[in-house]
Amino acid sequence: MRLSRSFGKTLRQAPADAETASHKYLTRAGFVQQVAAGIYSYLPLGWRSLTKISNIIREEMNRTGAQEVSMPVVQPRELWEQSGRADTFQPPLATLTDRRGRKMIIAPTHEETTTLMVAANLESYRDLPFNLYQIQTKFRDEARPRAGLLRVREFEMKDAYSFDKDEEGLDVSFREMADAYRRIFSRVGIDVRMVEADSGPIGGKDSNEFVLLADSGEDTIFVCSDENCGYAANAEKAEFKKPAAEPEEPRELEEVHTPGIKTIEALAEFVGVPVSKTVKAVFYTPETPSETSAGGEIVFVSIRGDLEVNETKLRNSMGGAELRFATPEEVAAAGIVAGSASAIGLDDENGPRSRARITSIADDSLVDSPNLVAGANRTDYHLKNGNYGRDFSADVVADIAMARAGDACPNDCNGHLVEHRGVEVGHIFKLGTRYSESMGATFIDEDGSEKLAIMGCYGIGIGRLLAATVEANHDDKGMILPRAIAPYEVYLARLNTNDETVVTAADKFYDELVSAGVEVLFDDRDEPPGVKFNDADLIGLPLRVVVSARGLRNGEIELKRRDSDEITMAPLSEGVQAVKVALEG
């Protein structure tokens, strides 16, 4: 492709809101153009890279025996009502009403549609296992799209769905997909970690993310410091060994006057105990109140004072309910004394539960922590020596604590958690029967009984993968694109455009490279050398080749790999072979 004929322009300045390298360089290099917040057009260079990534994914999916399909972007909302996700998916579904008055959604993912397809075609255990995949547009109405292609609303995604007759089969499918993902990421040129993850709105019992460690990432990843351990999880999922409390005999409750004390740190200092000997109370309320609560429901969370609440774990402990912090007015209306509250006395005759519907949730750290300092449920007073089981209890006890750097690894090792930033580039899930049950995907087993298909699902965001590759491969001049996904392999720069000898030689060499199967972006513009070299670095093709008057005086061309500062010369007569050798690196 001659650059003079190529649609799109490079830009000297990045968008004002661009913070990440991928956002800056993909925009400046003319790969993408923003249409609206989180919505982008791909220009020819960007689309070529995206197509190459898609083809790599197709090859690896086909290698596993997965079969490609195509499903509609617009779907009836009733499908999502059937699966139970119509009102719970986050971010909320983008909806529309068609000309017949039927409610439709713009699909953020395709579990429902795939399972509907399978339910109509699956008959016998002999039909299993199989895996269906597509590469197609999705839409998720993110509240805060950011970082260019790393957090968008409309995007291309490869989503695959496996169907097996039992859990053992799902384990095999899951491992096959994990191996395929490792090959995909290796081929596009990035090093990733597979970490434990929360399943979020997709659901299922287990899931793993593939994460590129990068300072620009919006995800927090914890990795065990012990190289022989291998534990890794994102912050939403990460577990840790909580410091054990010293064993003590339970002592009698004792009320303490604590004037003006409103924080855990101030309370611990006032009473003279470590923060770990206190109980913190945090209040939430459901985003969508239930009919029975009429908006008056409070989720009363109790956790040890040295820990913080992990809201994803908290949500999961409540069956996936979306929560928000309760307002001071909602807390007061429930009879809760903020700053001096605890679960002690929650069920008293005139306690908070006599005035509001309250769900009490306690972190498991409280169960074996004796003689804690907790609120007395009246202003300026606290209680010493509170003990779980004797003085207070909870409707739910679970691990709802946020892991932090330095916490002990949950595995049986001597390691601790090390914090990293990361970019999620893929996610795989064990769904079980969540969708096959609601959508009726059953089969007749060998014994003649009807059983539910066991499902897994597997996603890769194509544009995000492109952006992540740039995050891992760039310098202060621009992108350094791996050969496998670069839109072209060679940036051929023709200098001295007013010299007929140079023009003729460069044009001839361009034709020779193309005939030899080399993908070339030929900079034949009437621009100064500095502009061409800057654009070559910005676009980041693997190899820059220069045809100039100075080089031709010796019958030579100049070659420079984008990932090296070394410049070499090669005879023009052997130029095609020299380019191929240089590309192999």
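Of the numbered conditions (1) touching a Phe, Trp or Tyr at 6+ places or on another chain (Cβ under 8 Å); (2) surrounded by 20 or more Cβ atoms within 10 Å (Cβ to Cβ), Val211 satisfies every one except a single condition; which is it? The one condition Val211 does not meet is (1).
Just one of the numbered conditions (1) touching a strand residue (DSSP E or B) at 6+ places or on another chain (Cβ under 7 Å); (2) buried (at least 19 other Cβ atoms within 10 Å of the Cβ); (3) assigned to a helix (DSSP H, G or I) is not true of Ser54: (2).
Would you confirm whether or not the range 263-274 contains a residue that is free of Cβ contacts under 8 Å to residues at least 60 places away in the same chain, closer than 16 Å to Leu366 by Cβ and surrounded by fewer than 17 Cβ atoms within 10 Å (Cβ to Cβ)? Yes: the range 263-274 contains one or more residues that are free of Cβ contacts under 8 Å to residues at least 60 places away in the same chain, closer than 16 Å to Leu366 by Cβ and surrounded by fewer than 17 Cβ atoms within 10 Å (Cβ to Cβ).
Just name the residue that is farthest from Ala341 (Cα to Cα) out of those in the range 367-387 that are among the aliphatic types (A, V, I, L, M) and buried (at least 19 other Cβ atoms within 10 Å of the Cβ).
The initial filter retains those residues of the range 367-387 that are among the aliphatic types (A, V, I, L, M), namely 367, 372-374, 376, 383.
Remaining after also requiring buried (at least 19 other Cβ atoms within 10 Å of the Cβ): 372-374, 376, 383.
Numbers: Leu372: 13, Val373: 11, Ala374: 7, Ala376: 6, Leu383: 10 Å.
Among those residues, the one meeting the criterion is Leu372.
For first residues located in the range 84-103 and under 15 Å from Glu322 (Cα atoms) and of a type outside the set (Asp, Glu), partners that are part of a loop (DSSP other than H, G, I, E, B) and at pLDDT below 90 and lie 6+ apart or on another chain with Cβ distances below 7 Å form the pairs Thr88/Gly320; Gln90/Glu322; Pro91/Ala143. Taken as a whole, the range 40-51 holds at least one residue that is assigned to a loop (DSSP other than H, G, I, E, B) and assigned by TED's automatic domain parsing to the domain that holds Gly440.
Within the range 209-326, considering only strands (runs of 3 or more DSSP E) that don't extend past its boundaries, which have at least 3 residues that are in the same structural domain as Asn371 (by TED's automatic domain parsing), more than 30 Å from Lys384 (Cα to Cα) and touching a Leu at 6+ places or on another chain (Cβ under 8 Å)? Give the derivation first.
On the way: elements: 219-224, 232-234, 254-257, 279-286, 298-304, 323-325.
No strands (runs of 3 or more DSSP E) qualify here.
Would you confirm whether or not the range 108-123 contains a residue that is in a strand (DSSP E or B), on the phi < 0 side of the Ramachandran plot and of a type outside the set (D, E, K, R)? Within the range 108-123 (the criterion being in a strand (DSSP E or B), on the phi < 0 side of the Ramachandran plot and of a type outside the set (D, E, K, R)), the answer is no, since none of the residues qualifies.
Considering each residue of the range 118-151, count those that are over 27 Å from the mean Cα position of the chain (by Cα) and not aromatic (Phe, Trp, Tyr), and give that number. Residues meeting the conditions: 11. When residues in the range 552-585 are screened for being out of contact with any helix residue (DSSP H, G or I) (no Cβ under 7 Å at 6 or more places or on another chain) and small (Gly, Ala, Ser), 5 of them pass.
Return the residues of the range 386-412 that are in a strand (DSSP E or B) and either under 35 Å from the mean Cα position of the chain (by Cα) or more than 11 Å from Val279 (Cα to Cα) (or both); say none if nothing qualifies. Result: Phe392, Val396, Val397, Ala398, Ala401, Ala408.
Determine, yes or no, whether Glu556 is surrounded by 20 or more Cβ atoms within 10 Å (Cβ to Cβ) and free of Cβ contacts under 8 Å to residues at least 24 places away in the same chain. Yes: the conditions hold for Glu556.
You will find that of Asn387, Asn350, Asn411, the residue that is in contact with a Pro (Cβ under 8 Å, 6 or more places away or on another chain), farther than 20 Å from Ser317 by Cβ and not basic (Lys, Arg) is Asn387 and no other.
The values are calculated or read from the model by the stated rules, or taken from the named source; none is laboratory data. Since this is a predicted model, take the numbers as computed values, not measurements. Cβ sites come from the backbone with ideal geometry, for glycine too, and all protein chains shown count toward neighbours.
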